[in-house]
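Worksheet: the structure to be examined is printed underneath.
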Amino acid sequence: MSRSFEEMPTMQNVVPGGRVTLNCPLGLTYDQLTFKLTNVTASEMKNLKVITGSKAQWDLTDAQRVVDVNSYYGRKEKAGFVTLWFYRPEMKTEEERALTSIGTTDIPSLTVQFDLDGAVANPAIKAYAVRRKPEPMGVITKFREYPVTFATSGKQDIDNIPRGARISAFHLFKGDVSFVEFEINNGTGAGKVVDWPKELLESVQEQYGRTPLTAKATHIDMNLLGKAMQFMPTGNLVDMRIKPTIDSSGGLTTLVEYIDGYNGI
């Protein structure tokens, strides 16, 4: 079946300060959802969630996080639009690109929800979908954010990132991370996966077609090769920790891209 390009049902409660809801029709498989924004910016779409049944599979501060991740992967976007990518165009084969598209034949509902900033005036939002043949949900990309505040600069330790699912990438949202260590322990001792300065990480990421958000974030990309087998398994890890060196105190949010099934993380 070829893909379809359709307008979605009218979004509910598109008013200043409103909790906006899009109820997505079930049946076909979703590659992407694109929102056309009028008098609204991505940062004004707060607490963005993609929900299957009662479970939030995406849970983000705002839609600007989506824009940032899309930019990192080189996913093009026209001004005035925000796209939620379930299909991953940066993967190597069509089978791998479509692996994480959201099938809907075995889920009770698919909903997108966010809180519209109260300061917007005359907002209007329309939603459009790219869909393909019916499939069960299978595995999808999930977004989870883990904020922390550090009282001092220097080398820090983030040891509370949940394990269990595979991971595609970590995005460390703080502008002055200068060095990153990433360690895992599979029960036979700790092993360094990353031990590099930010500028070297970014240099290699650019060689593989990424666009690092230098002024805003630092990325630990576990799948530069674009292969499904490269998603990092974490289910058997005893410990997993990120040790960023930061040049000033303050808040840092780790955005994790998990690859997981319906009930997982």
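The values are calculated or read from the model by the stated rules, or taken from the named source; none is laboratory data. Bear in mind the structure is a predicted one, so any value in this text is a computation, not a measurement. Because the Cβ atoms are built from the backbone with ideal geometry, glycine has one as well, and the counts that use them run over all protein chains shown.
Being of a type in the set (D, E) and exposed (fewer than 14 other Cβ atoms within 10 Å of the Cβ) is the filter here, so list the residues in the stretch 191-205 that pass it.
Initially, the stretch 191-205 is screened for residues of a type in the set (D, E), giving 195, 199, 202.
Listed by number, the residues that qualify are D195, E199.
Determine which member of the set T10, T61, T105, T29 is out of contact with any Asp or Glu (no Cβ under 8 Å at 6 or more places or on another chain), modelled with pLDDT of 95 or more and of a type in the set (V, I, T).
Values: T61 fails: out of contact with any Asp or Glu (no Cβ under 8 Å at 6 or more places or on another chain); T105 fails: out of contact with any Asp or Glu (no Cβ under 8 Å at 6 or more places or on another chain); T29 fails: out of contact with any Asp or Glu (no Cβ under 8 Å at 6 or more places or on another chain).
Of the residues listed, the single one that is out of contact with any Asp or Glu (no Cβ under 8 Å at 6 or more places or on another chain), modelled with pLDDT of 95 or more and of a type in the set (V, I, T) is T10.
Conditions tested, residue by residue: (1) at pLDDT below 95; (2) over 24 Å from Q156 (Cα atoms); (3) not assigned by TED's automatic domain parsing to the domain that holds S54.
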| position | (1), (2), (3) |
| --- | --- |
| T214 | no, no, yes |
| A217 | no, no, yes |
| G226 | no, yes, yes |
| N236 | yes, yes, yes |
| I242 | no, no, yes |
| S248 | no, no, yes |
| I265 | yes, yes, yes |
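Scanning the stretch 118-135 for residues that are under 21 Å from the mean Cα position of the chain (by Cα) and within 17 Å of R97 (Cα to Cα), we see that the one that is surrounded by the most Cβ atoms within 10 Å (Cβ to Cβ) is R131.
Listed here are the residues, each with its yes/no results for (1) of a type in the set (A, V, I, L, M, F, W, C); (2) without any contact (Cβ under 8 Å) to a residue 24 or more places away in the chain; (3) within 30 Å of I107 (Cβ to Cβ).
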position: D157; (1), (2), (3): no, no, no
position: F179; (1), (2), (3): yes, no, no
position: T188; (1), (2), (3): no, yes, no
position: G191; (1), (2), (3): no, yes, no
position: D195; (1), (2), (3): no, yes, no
position: Q207; (1), (2), (3): no, yes, no
position: A215; (1), (2), (3): yes, no, no
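Checked against (1) surrounded by fewer than 13 Cβ atoms within 10 Å (Cβ to Cβ); (2) hydroxyl-bearing (S, T, Y); (3) under 30 Å from S109 (Cα atoms), S248 passes all but condition (3).
For the stretch 74-102, the set of residues classified as among the aromatic types (F, W, Y) and either modelled with pLDDT under 95 or part of a strand (DSSP E or B) (or both) consists of F81, W85, listed by residue number. When the stretch 250-263 is filtered for residues that are over 17 Å from I158 (Cα atoms) and in contact with a helix residue (DSSP H, G or I) (Cβ under 9 Å, 6 or more places away or on another chain), only I259 remains. Only residues that are crowded, with 19+ Cβ neighbours inside 10 Å, in contact with a Ser or Thr (Cβ under 6 Å, 6 or more places away or on another chain) and over 29 Å from V20 (Cβ atoms) were counted across the stretch 136-166, and they come to 0.
Tell me which residues, restricted to the stretch 153-173, are closer than 27 Å to M91 by Cα and not hydroxyl-bearing (S, T, Y). Correct list: I161, P162, R163, G164, A165, R166, I167, A169, F170, H171, L172, F173. From the list L22, L26, L48, L60, exactly one residue is more than 23 Å from R144 (Cβ to Cβ) and not acidic (D, E). Which is it? Testing whether each residue is more than 23 Å from R144 (Cβ to Cβ) and not acidic (D, E) leaves just L26.
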